[in-house]
Each structure stands twice: as C-alpha cells, then as structure tokens.
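Taking it in order: structure first as structure tokens, then the write-up.
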Amino acid sequence: MADTQKLSEVEHIKAASNFLRGTIKESLANTITGAIAPDDTQLIKFHGSYQQTDRELESERKRQKLEPLYSFMIRVRVPGGVATPDQWQRMDALSDAYGSGALKLTTRQTFQLHGVLKRDLRATIQAFNEVLLDSIAGCGDVNRNVMCIANPHESALHKEVHAVAAAISAHLTPRTTAYWDLWLDGEKQYSSLVNDGEKEDFEPIYGPTYLPRKFKIALAIPPQNDADIFSNDIALTAIAENGVLQGFNVAIGGGMGMTFGMPETYPRLAETIGFVPVEQVIDVCEKVVTIQRDWGNRENRKLSRLKYTIDRVGLPAFLEELRLRLGYNLEDARPYHFTSSGDSFGWSKGEDGREHLALFVEGGRVKDLPGMELKTALREIASFHTGEFRLTGNQNLVIANIEAKHRPRVQQILEDRGAWAQTQQQTALRLSSLACVALNTCSLAFAEAERYLPHLLNRLDQVIQANGLTDDGILIRMTGCPNGCARPYLGEIGLVGRSLGRYNLYLGADHAGERLNKLHKEMLDEDGILQELTPLLEAYAAQREPNERFGDFVIREGHVQATTHGQNFHN
C-alpha cells in the first residue's frame, strides 16, 4: 500500500467508513435534498448504486433555483447472468414502480434500474432481495458481477461452468454486515449473500479498505467468447475433454478503461499464465485478488487497476508472488480456440433436447415501443416459463430451457407483440452492436452512445446492404467516454466520444476478442464517420479473403497496425 500521506481521497473515505457504512443512514433520512453526502456517494457504490443527475435538466433547474434532479442507478448482481422467471418478473415490476420504466441489461450480464429516487432506495433493494438477488459489490472497489458464457448449446458444460462462476462470486462477496443493516433491517435471510458465522465486520480477503479499484472476472467455454473474457482482471477459459470439465486456463491483467491525454493509461487484454483444475480455481482467484489488494496503486485511481500493477512490477515478479501465496505452480496452459465474441440469435436446441431462444435487445434496454412491446412480451413469457433468463455479455437475452410445449406460445407472444422482428429483421452489424448508457445520466460521458448508435446504424446499414454485407457480423461498439464500459477497444469498429457529436474511430480488433483495436481517426462527426467507414466497407466487400473478418482486413490492408499489447495501444 502507498504511504498514508499519499493515499487518494477515496482511500481515506473507505478507511473511515466503518466497513462501508459511512453516513449513508443519515443521508437517506435527510429529506431536504434528493442527494446523499459527498463521501457517501463513494461508499454507496459498494452497495451497488451510483448517484446520478439528469444532465439535460441542469441548466433549467439552476435557472429556477432548484437543485439538480438527483436519482440513483442500482446494479443488481446476477452471477453468470442466469435469472429465474420470478427474478425477471420482480425486476420488471420494480423498473415500473420505482425506476424509469425500462429494464437495462448490462455488458456485465446484470440488471440495472435507472431513475430510482432516494426515498425509494430501501424499498427497491428489499424487493429484489426477497427473490434472492442482491446489489452488494455491484459497483465499488471489489470483485464485481462474475460473468459466464451464455451460449445455450453447451447445456451440461454450461451448468458446470456457471456453478464455478457462482462459487467465485460467493467467495469474493464482501463480508461486511453494512448491507443488511442499511437496506434490509438486519434481516440476513432476505439475501442470497454468503456470510459464514455470526454477523461481524471482518473482511478476510479485502481488509478494511478493500481493493484499490474495481475487479472483474469472467468465464467462457470455447469456441464462444461472448463474455469477452480477456477484458477482465481474471479471464478463465474452460477446458473440457469429451464434454467433461477439466479446469481452466487462467489469464490476468485485462481492463478496458483509459483517460484521454494520459498515454500512461491504456486498455489491456489479460495474459494467459497457466492452467488450474476446477478444485483450485477459487484459490487462484483469491490469491490474485489479494496481491492486487497489497500491491495495487492507492495513490492515483487512474493507475490502480490490476493491469497497471502487473506492468509496473513485471509479470515474472507477479507470478512468483502468486506461486508463494498459492504454495504450488500452475500447470502449463492447454490448447483452446475461440471463434467469436458475439451472440448467436434465434432458436436452438441444447444437448438435452430443450429449446433456447436468443433475442436481440438494442442497447440492452428492455422497454415497450409503439409496435414493439418487448417488455410486455417478456413479462407474459415469464409468467409461465419454467427455465431461465440468461443475460448475455452483449446486452442481449437468452430465454433458456424452454419446454417443448411452450415453444409455440413463446413464438406467438413475440410475434403478436411485434418483438420477433427485433431480432429477425436486423443486419448482422446491428446485432453485433454494443453501446454504454452515456448521456443523459452518466456524469463521465462526453457524448451520446446508447441513444445515438441506432441512428448511426440506420445510415451504416445502407452501406452494409448496398455491399452485400447484411449477414456479416462486424463488431461495432460505441461509448460516450474512454472508460470503456461497452468494450469499445474490442470492437472491429470502435467509436469513443470526445465531445458532443464527435468521436474517435478505432479499427482492427479481433472478432473473437483476442486483439485490441487502434486509433484510426480523431474527432469525427457523423458525416466524418460515414466518410471513413464507407470506402473501407466497400473495399472489404470487394477484396476480402475467404472467411476474413473486417478487423483482420483493415490490418492486412495497412489502415492500422495490429495492437500486440496494451502498452503499444497508443503507438
């Protein structure tokens, strides 16, 4: 840990928080303002919530001498993205009762509720805890929601790998009792959290100041990499023989965020360091977390992720410390092959004969629109569905393990509500798109993303269709800032907001999520984006080699150089 005199402000807040309590209780009781105390805005993240404002109303409210319109986003943990129909129905109802009316599916396979007022926070959190969901560690300097492949085809193997994801999530859940005390009236039975023994404030893994920054873990089963695992601090690739899970290749040091004007910050992909059998994977994850706890930068939060720790001390030194803490060596990594990081849409049948349906959810926003009542359709399906709802890492949804007798009814509901066309009548480019929330509620956003990308895709689709690329799934990602929530640096086309209506264009990522892209042009407006991409897409359609992906094509043609490591991302 850094010298006490050099610790960042957030480190001091955590140290004085009494295991994440701070003055949140008092802030919630203060009816004079819709906000909470400044220090509590940092602590409430550990409870799964961010304080936000509607930035589009700020000037008008200031003119009327009103405080900003404060509200809260709540991010619910859904380990591996698997939710029950009861949980889906509860989150759907809460989005109407206390939220904005839309249910947000995130790029980390979780639910988000937006627009929750301070006075409704406790009621909302209590309501989803009643169906065994929770929001502790949804945000904050801890391990966040553990991702797992949503691919429905690997039925038996998916069940095993998802169980590992859930076990990792439980093991790395903070042990503080503050969550129960603040939100659940001390009633632990309402929560799905794992906390051994009696109620006590003790963090055996994290310690009283938790981690220097957020920490992320994801698991995948080759050949699908729909969780984009290498963008995580720990990436676990499932290795199976004859359909039986043997263990995982372990990779460490991934992360998407960077800061404009700071070349010492960069996105980075996790590096594979070895293989571990299933029974050792939790131990390895814990030890990597504790090294980051002890060695991570607590002075400058922009340089505090695990990726910077590894590059600062060197991978050999990190691995030696890992060996000492484990008491054993990792085995050599085993062969694997990823082919795609996207989702496969439509109906499919699993190994056990059950049906699965993967639906496109643009921007991850589940809502009703004129002629396309997706939210209502899914509510109706949840009322009789006996399988699961699997949230994907690409903001989409798999209705999984559908009974054969229910397939016609599911299909009819989607058609009647106009929601079937949402998946069936789109270009593969649109189906492969990701966007972060950005404006109007994210305080970090410089530009639009979720609200704007569909409009840009309307124009790009014309180019795609004119060049016979309708079925080519080119990965396109857009964010409103460089922090990378929608993983723009893993887009074959990446657009990162610089200012309102202006974006940096990145090209050349690998379609399977194993190579970062690189900056191609800066500060483009909409026409500039079209002027750059149109000739590239035309050339790709005419000159690509058999089975060549767009990201590979632009590198082969010399439009950008391949990014081999995060530290040469800016070169």
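The values are calculated or read from the model by the stated rules, or taken from the named source; none is laboratory data. Source: prediction; values computed, not measured. In this analysis, Cβ positions are derived from the backbone assuming ideal geometry, glycine residues included, and neighbour counts consider all displayed protein chains.
Would you point out which residue out of 431, 397 is closer than 27 Å to residue 479 by Cα, hydrophobic (A, V, I, L, M, F, W, C) and in contact with a Phe, Trp or Tyr (Cβ under 6 Å, 6 or more places away or on another chain)?
Selected residue: 431, the only one of 431, 397 that is closer than 27 Å to residue 479 by Cα, hydrophobic (A, V, I, L, M, F, W, C) and in contact with a Phe, Trp or Tyr (Cβ under 6 Å, 6 or more places away or on another chain).
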For this session: Go through the residues of segment 355-367 one by one and say whether even a single one is touching a helix residue (DSSP H, G or I) at 6+ places or on another chain (Cβ under 7 Å) and closer than 19 Å to residue 162 by Cα.
Result: yes
Exercise. Pairs under 7 Å by beta carbon, first residue over 30 Å from residue 350 (Cβ atoms) in segment 237-264, partner assigned to a strand (DSSP E or B) and of a type in the set (Val, Ile, Thr), six or more apart or different chains?
Worked result: 252/234; 252/273
For this session: Keeping to segment 347-390, report how many residues are among the small types (Gly, Ala, Ser) and under 20 Å from the mean Cα position of the chain (by Cα).
Result: 3
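For residue 497, are the conditions met, namely being surrounded by 24 or more Cβ atoms within 10 Å (Cβ to Cβ), at pLDDT 95 or above, in the same structural domain as residue 444 (by TED's automatic domain parsing) and not polar (S, T, N, Q)?
It is true that residue 497 is surrounded by 24 or more Cβ atoms within 10 Å (Cβ to Cβ), at pLDDT 95 or above, in the same structural domain as residue 444 (by TED's automatic domain parsing) and not polar (S, T, N, Q).
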For this session: Would you mind telling me which numbered condition in (1) touching a residue at least 12 places away in the same chain (Cβ under 8 Å); (2) over 25 Å from residue 210 (Cα atoms) residue 47 fails?
Result: (2)
Seminar exercise, completed: Those residues of segment 545-571 which are crowded, with 18+ Cβ neighbours inside 10 Å, assigned to a helix (DSSP H, G or I) and touching a helix residue (DSSP H, G or I) at 6+ places or on another chain (Cβ under 8 Å) amount to 550, 553, 554, 566
Exercise. Is it true that residue 116 is of a type in the set (A, V, I, L, M), buried (at least 23 other Cβ atoms within 10 Å of the Cβ), closer than 21 Å to residue 170 by Cβ and at pLDDT 95 or above?
Worked result: no
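For (1) at pLDDT 95 or above; (2) more than 18 Å from residue 43 (Cβ to Cβ); (3) touching a Leu at 6+ places or on another chain (Cβ under 7 Å); (4) not aliphatic (A, V, I, L, M), each residue gets a yes or a no:
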site	(1), (2), (3), (4)
128	yes, yes, yes, yes
133	yes, yes, no, no
141	yes, no, yes, yes
146	yes, yes, no, no
151	no, yes, no, yes
154	no, yes, no, yes
159	no, yes, no, yes
Problem set entry | Residues located in segment 443-469, provided they are of a type in the set (A, V, I, L, M, F, W, C) and modelled with pLDDT of 95 or more | 445, 446, 447, 449, 453, 456, 457, 460, 463, 464, 466, 469
Exercise. Among the numbered criteria (1) among the basic types (Lys, Arg); (2) surrounded by fewer than 20 Cβ atoms within 10 Å (Cβ to Cβ); (3) under 27 Å from residue 302 (Cβ atoms), which single criterion is violated by residue 459?
Worked result: (3)
Exercise. Any residue in segment 277-289 that is surrounded by fewer than 17 Cβ atoms within 10 Å (Cβ to Cβ), at pLDDT 95 or above, assigned to a loop (DSSP other than H, G, I, E, B) and not basic (Lys, Arg)?
Worked result: no
Seminar exercise, completed: Residue hits (segment 97-143; basic (Lys, Arg) and either in the same structural domain as residue 390 (by TED's automatic domain parsing) or over 24 Å from residue 206 (Cα atoms) (or both)) are 104, 118, 119, 122
For this session: Please note which helices (runs of 4 or more DSSP H) are completely contained in segment 410-512 and include at least 2 residues that are charged (D, E, K, R) and over 25 Å from the mean Cα position of the chain (by Cα).
Result: 453-466
Exercise. Got a sec? Which of 349, 287, 302, 375 is under 18 Å from residue 88 (Cα atoms) and basic (Lys, Arg)?
Worked result: 375
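Listed here are the residues, each with its yes/no results for (1) buried (at least 17 other Cβ atoms within 10 Å of the Cβ); (2) farther than 23 Å from residue 253 by Cα.
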| position | (1), (2) |
| --- | --- |
| 469 | yes, yes |
| 481 | yes, no |
| 485 | yes, no |
| 525 | no, yes |
| 543 | no, yes |
Problem set entry | Matching residues in segment 306-363 - criterion: being small (Gly, Ala, Ser), touching a residue at least 40 places away in the same chain (Cβ under 8 Å) and not in a helix (DSSP H, G or I) | 333, 340, 341, 342, 344, 346, 348, 350, 353, 358
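Could you identify the single residue in 571, 517 that is modelled with pLDDT under 95 and not β-branched (Val, Ile, Thr)? Spell out the reasoning first.
Numbers: 517 fails: modelled with pLDDT under 95.
Only one candidate passes the filter, namely 571.
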Seminar exercise, completed: Those residues of segment 54-100 that are at pLDDT below 95 and either crowded, with 23+ Cβ neighbours inside 10 Å or not in a loop (DSSP other than H, G, I, E, B) (or both) come to a total of 9
For this session: Only residues that are small (Gly, Ala, Ser), assigned by TED's automatic domain parsing to the domain that holds residue 412 and in contact with a Phe, Trp or Tyr (Cβ under 9 Å, 6 or more places away or on another chain): list them for segment 321-358, please.
Result: 358
Exercise. Do the conditions hold for residue 307, that is, is it closer than 23 Å to residue 209 by Cβ and surrounded by 23 or more Cβ atoms within 10 Å (Cβ to Cβ)?
Worked result: yes
For this session: Given the conditions (1) under 20 Å from the mean Cα position of the chain (by Cα); (2) modelled with pLDDT under 95, report the number of the one that residue 50 does not fulfil.
Result: (2)
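Identify all residues within segment 374-416 that are basic (Lys, Arg) and either more than 19 Å from residue 221 (Cα to Cα) or surrounded by fewer than 24 Cβ atoms within 10 Å (Cβ to Cβ) (or both); write none if there are none.
To start, the set of residues in segment 374-416 that are basic (Lys, Arg) comprises 375, 379, 390, 405, 407, 409.
Hits for segment 374-416 are 375, 379, 405, 407, 409.
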For this session: With respect to residue 31, determine if the residue is assigned to a helix (DSSP H, G or I) and either at pLDDT 95 or above or hydrophobic (A, V, I, L, M, F, W, C) (or both).
Result: no
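Filter segment 110-128 down to residues that are within 8 Å of residue 74 (Cβ to Cβ) and under 20 Å from the mean Cα position of the chain (by Cα), then give me how many there are.
Summing the residues that are within 8 Å of residue 74 (Cβ to Cβ) and under 20 Å from the mean Cα position of the chain (by Cα) in segment 110-128 gives 2.
Residues in segment 189-202: is at least one in a helix (DSSP H, G or I) and modelled with pLDDT of 95 or more? Step through it out loud before you land on a result.
To start, the set of residues in segment 189-202 that are in a helix (DSSP H, G or I) comprises 189-190.
Filter again for modelled with pLDDT of 95 or more, leaving none.
Scanning segment 189-202 turns up no residue that is in a helix (DSSP H, G or I) and modelled with pLDDT of 95 or more.
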